[in-house]
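The values are calculated or read from the model by the stated rules, or taken from the named source; none is laboratory data. Keep in mind that this is a model prediction, so the values were computed, not measured. Note that we place each Cβ from the backbone using ideal geometry, even for glycine, and neighbour counts take in every protein chain shown.
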Amino acid sequence: MLYPQNNRFRQFIELSDFWDFRFDFDDKGLRDGWEKGFENGQPIAVPASWNEQFAENRDFLGPAWYQTHFSLPWGWDKHRVLIRFNSVNYLADVWLNGEKIGQHEGGHLPFKFDITSQIKNEGNHLVVRVDGNLTTDRVPPSDHNLLLANYPPTNFDFYPFCGIQRPVLLYSIPNEAIIDLTINTSIEGKTGIVNAKVERSDGNPVKAQFNLTRNGTNISTEIEMDNRLSEATLRVPNASFWAPGAPQLYDLKIELSRNGTTFDSYTLPVGIRTISVEGDKLLLNGKPIELLGFGRHEDFPVIGRGLMPAVIIKDYSLMQWIGANSFRTSHYPYSEQMMDLADQLGILIIDETPAVGLTFHKTVFDRHLELCKQYTKELIARDKNHPSVIMWSLANEPHQNINAKMFFEQLYDLAKKLDSTRPITFANMHIGEERSFKFCDIVCVNRYYGWYLERAKMDKACELLSKELDKLYKRYSKPIILSEFGAGTIPGWHANPPEMWSEEYQVEFLSEYIKVANSKPFVVGQHVWNLCDFKTSQHDRRMGGINYKGVFTRDRRPKMAAHHLRKLWSGKTD
Ligand code: BDP
């Protein structure tokens, strides 16, 4: 799914602004015709979660209604016009000028509607009903078995922020247009090979010009297309390959023309790189790579899970300062802006779907599988062209259950069919061995010995961790990533000898885990939980509704562990 862009043939504007907003406490909006417009609203910032914007109603998860008005930009009346929502949590119903234009279920992933036939030149009225409620038949689900018994009752450990959390874009494309591109790259010696598959809105005959450029290099080819789907391959001698530390990007520009007149064009950054699993190694461009980094959250005071460009910059800067080269989009897809920057900065990403808290109960199995398949398709469609994305994670911590195997077999097959070039994984919960590791190319384990188990006993914790890793490798012969390990730490709380919740304990905990990881050649990644403290539901284990496992605070100040990790990962102390 291509991101809208501005060029001679395409244009987009963001409808980011203060919109009009109303909570629908009695769920009467649909009955009372609010889709035609509602009264007594209050201003709200879009994009941003609604939860922390007001003095009241933080934990009300919906439904709530948004409305705004806009005019069509000059010159768009001759073109196709679409509206794209980059992320609405969780269920969105959309009306334009009183007419329903569609619905989308699931947050964190974009959806779009063609509104060419509904749009007016002036005075367009857009209404969105958002339901962020957690229920058992949604993914992520509400607390199914009271495992956490938290409030709001989630089956996962982060705050269920809701609303229009990423930009809403209005965009125009030509009537005959490039609809999608799929880029695959490979390497032969010093030559980079770029294969570009093009999907068009129709199959009319056209000429397609492909130009791949970077620093004065220009590789081009022209082909005739007479199908909706066509492809071209470009070979780049002495190519600059994409890798952390050298994130070399080419621009691939595709232009469509007929009878000498160009009528559409799209430009995409392309990184030439390969990723594969061989034996106990993860290989980037044919060479073993070790992932050092974090699990993270899109989370910041007031704005919640809303797009926050400055925080994205800050977090990348912190990761680079500390010597990290990677992170996992725990536990849902992050903004497209975050992915674009990872391509530019050379950061590796384990890209996770929003499938967290899965239980596989008979009553919800089919519904959850259907939603997870939808999310997997939407995620791969959105992120398949990012060189930074090196792995798909199909879920976080599914509950171990006999039915999980059937579930993951189907999801794995689907993901492989959609993208055979990237390894697939999911992150496994501490409480036991996963029956579905068979359906992973790399085994990801979240482990908390020394925190939730063997509390405060780091010696015993490391012994168990080490034994378990050996056992897992012996059984599955796949590389392993420690995809989470961490200790709750109150900033400024000290103890000697180290005690749980103290900064010293976090330092000890992370150091000991890293020692174990470094001692096992088959452990190819260490992702600390978490980059920063983050908001979660209220619970007796979560003081103030905050998970304190960050090595930075929620406002991005370093704890002792941040300095320590920097020393371990980058050798720097200044
Ligand atoms: C893991 C989860 C993560 C939690 C973490 C924790 O994957 O979402 O925040 O534990 O307990 O089980 O801090």
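Here are the numbers for the structure shown:
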item	result
Checklist (1) in contact (Cβ under 8 Å) with a residue 24 or more places away in the chain; (2) within 25 Å of L181 (Cβ to Cβ) applied to S420, failing item	(1)
Criterion violated by N195 - all others in (1) surrounded by 14 or more Cβ atoms within 10 Å (Cβ to Cβ); (2) within 32 Å of the chain's Cα centre (by Cα) satisfied	(1)
The stretch 530-574 - residue that is among the aromatic types (F, W, Y) and not in a loop (DSSP other than H, G, I, E, B) and, of those, farthest from the ligand (Cβ to nearest atom)	W569
L15 being in contact with a strand residue (DSSP E or B) (Cβ under 6 Å, 6 or more places away or on another chain) and either among the β-branched types (V, I, T) or under 11 Å from V128 (Cα atoms) (or both)	no
Selection count, the stretch 425-435, where residues are surrounded by fewer than 22 Cβ atoms within 10 Å (Cβ to Cβ) and under 17 Å from M406 (Cα atoms)	2
Criterion: away from the ligand (no atom under 16 Å from the Cβ), touching a helix residue (DSSP H, G or I) at 6+ places or on another chain (Cβ under 9 Å), under 22 Å from D441 (Cα atoms) and not β-branched (V, I, T) - qualifying residue of L369, L394	L369
Check on L170, modelled with pLDDT under 95 and not acidic (D, E)	no
Qualifying residue in the stretch 31-41 (condition: at pLDDT 95 or above and in contact with a Ser or Thr (Cβ under 8 Å, 6 or more places away or on another chain))	no
Exclusive hit being out of contact with any strand residue (DSSP E or B) (no Cβ under 8 Å at 6 or more places or on another chain), touching a residue at least 24 places away in the same chain (Cβ under 8 Å) and buried (at least 24 other Cβ atoms within 10 Å of the Cβ), set Y332, Y375	Y375
Scope the stretch 335-363; condition part of a loop (DSSP other than H, G, I, E, B), within 15 Å of the ligand (Cβ to nearest atom), modelled with pLDDT of 95 or more and under 18 Å from N530 (Cβ atoms); matching residues	P354
Positions within the stretch 269-313 being of a type in the set (D, E) and either outside any loop (DSSP other than H, G, I, E, B) or within 16 Å of the ligand (Cβ to nearest atom) (or both), in sequence order	E278, E298, D299
Breaking point among (1) surrounded by fewer than 21 Cβ atoms within 10 Å (Cβ to Cβ); (2) away from the ligand (no atom under 16 Å from the Cβ); (3) not hydrophobic (A, V, I, L, M, F, W, C), for Y171	(1)
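Each row is one residue, and each column tells you yes or no for (1) within 17 Å of L181 (Cβ to Cβ); (2) touching a Pro at 6+ places or on another chain (Cβ under 7 Å); (3) crowded, with 17+ Cβ neighbours inside 10 Å; (4) outside the structural domain of L291 (by TED's automatic domain parsing).
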position: T213; (1), (2), (3), (4): yes, no, no, yes
position: S220; (1), (2), (3), (4): yes, no, no, yes
position: E224; (1), (2), (3), (4): no, yes, no, yes
position: N227; (1), (2), (3), (4): yes, no, no, yes
position: T233; (1), (2), (3), (4): yes, no, no, yes
position: S240; (1), (2), (3), (4): no, no, yes, yes
position: A243; (1), (2), (3), (4): no, no, yes, yes
position: P247; (1), (2), (3), (4): no, no, yes, yes
position: R258; (1), (2), (3), (4): no, no, no, yes
